[in-house]
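In what follows, a structure is listed as structure tokens, so that the remarks can point back to it.
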Amino acid sequence: AAARIFTFLEVVALTPCLAQLRSSGLALECLQLVTGPLCDACVRDMCRVCGAVTATLTVLRSLGALIAAQLGDPGVFWQAENCLKFLENVTFMNAQNQLLLADVPTDVPCLLHLVASTRDLEKASEACEPLLRGSTARAVLHGALKVLLNFTENHDVACTLVAKHGGLPIICSLLCLKAGDTYDTQVLTMSLLANLCEHNGDNRALLGNTSVDGTRLLIPAVVDIFVKQTGGNCGGEGDGSCCQLTEPSSASEAPKEQKVCASYAALLLGCLVNDNAANGAAALAVLPGHSFAALVDTLEYFISFQMKAGIFVEETRASYHGVLRALGGNTELLER
């Protein structure tokens, strides 16, 4: 750890004000290394104190303008991806670094513009140059979503800012992307939307009336994802039995991608209907059997898997508890 911090300090010394991050791939790579998942929280604080976070946000704003212009230089995307990975690291469970995004009026719009620009590139991927097709733009899109996820985690001011700058329809539109592998995009998008409305009643109401593609509203679209990921055979009985996912017998039975995607869809729907009668009615109108039972079954499976696998995050307990309660489910699983 000491060696990594020393490397970090050398990078700071060799890169005045870190303003040269745009042209210094080495600096970005080192910043990512020292702020990774295993680093001590003080390293992330050091990045803020020395100006690295602010400088990286400045660089990202200039890169965002280039990407919005749809310039074909893959290096721009690579630099933006590296900036976003660093920002994802330093904003993870660090409230003070998250607040830096709220302090500068242009930072949240910059992230949202990145999402919109890379979304448009994904939609037009067949017409893009080969180097832009697939993973390049998508990596930047996912990076921006991960930073926004950290920013909006239990942060009401952040959730309000995203809505204020027109972020809700932009984020909802990602659920319609068809190019490439959509699994990661859907999971990240539904996770972010859940953050945005879990504790924010205004966003909950706005999302209930937000379209994903100009015609379909968000709630029917998320129910459609849920039904497709659970096999498309739900409905009719009203007890959720057709959609029920078998409880894992051991930690080694990892849920398939479809089950994970269905679980995040159920989580988002639970957040949307919580304390919002209109959203609840809209969801029940299109859910299998006009019941929340299938959503409860799916969430209970997902929670059980995480607990048995030893990957349950304690900070999510209250969120799951609130969602299950909103769906009329049993919360005993979370009280063990």
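The values are calculated or read from the model by the stated rules, or taken from the named source; none is laboratory data. The structure presented is a predicted model; accordingly, all values stated were derived computationally and were not measured. In this analysis, Cβ positions are derived from the backbone assuming ideal geometry, glycine residues included, and neighbour counts consider all displayed protein chains. To get the accessible areas, we keep the full protein, side chains included, count just its heavy atoms, and leave off ligands, DNA and RNA. Shrake-Rupley method; radii C 1.70, N 1.55, O 1.52, S 1.80 Å.
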**Message:** Suppose the chain between residue 224 and residue 304 were pulled fully straight at 0.36 nm per residue; how much longer would it get relative to their current alpha carbon spacing?
**Reply:** 26.4 nm
**Prompt:** Want the number for residue 65 to residue 333: 0.36 nm per residue separation, take away the alpha-carbon distance, what's left?
**Reply:** 91.7 nm
**Prompt:** Relative contact order of the range 169-230: what whole-number percent is it, with Cα pairs under 8 angstrom and at least 6 residues apart?
**Reply:** 33 percent
**Item:** For residue 93, solvent-accessible area (1.4 Å; no DNA, RNA or ligand), Å²
**Value:** 140 Å²
**Item:** Overall form of the range 136-178 per C-alpha gyration tensor (a/c, 1.5; a/b vs b/c)
**Value:** oblate
**Prompt:** To the nearest 0.05, how large is the calculated FRET efficiency for residue 315 and residue 275 if R₀ is 30 Å and r is the Cβ-Cβ distance?
**Reply:** 0.90
**Message:** Probe radius 1.4 Å, ligands and nucleic acids left out: which of 40, 224 has the largest accessible area, and how do the rest follow?
**Reply:** 40, 224
**Request:** Would you calculate the separation in nanometres between label points at residue 325 and residue 106, each defined as 7 Å from the Cα along the Cα-to-beta-carbon direction?
**Result:** 4.4 nm
**Fill in**
From most to least accessible, 1.4 Å probe, no ligand or DNA/RNA atoms counted, 182, 152 line up as 182, 152
**Message:** I need the calculated FRET efficiency for the pair residue 183 and residue 73, taking r as the beta carbon distance and R₀ as 30 Å, to the nearest 0.05.
**Reply:** 0.60
**Prompt:** So, in Å, what gap is there between the alpha-carbon centers of the range 206-222 and the range 61-107?
**Reply:** 27 Å
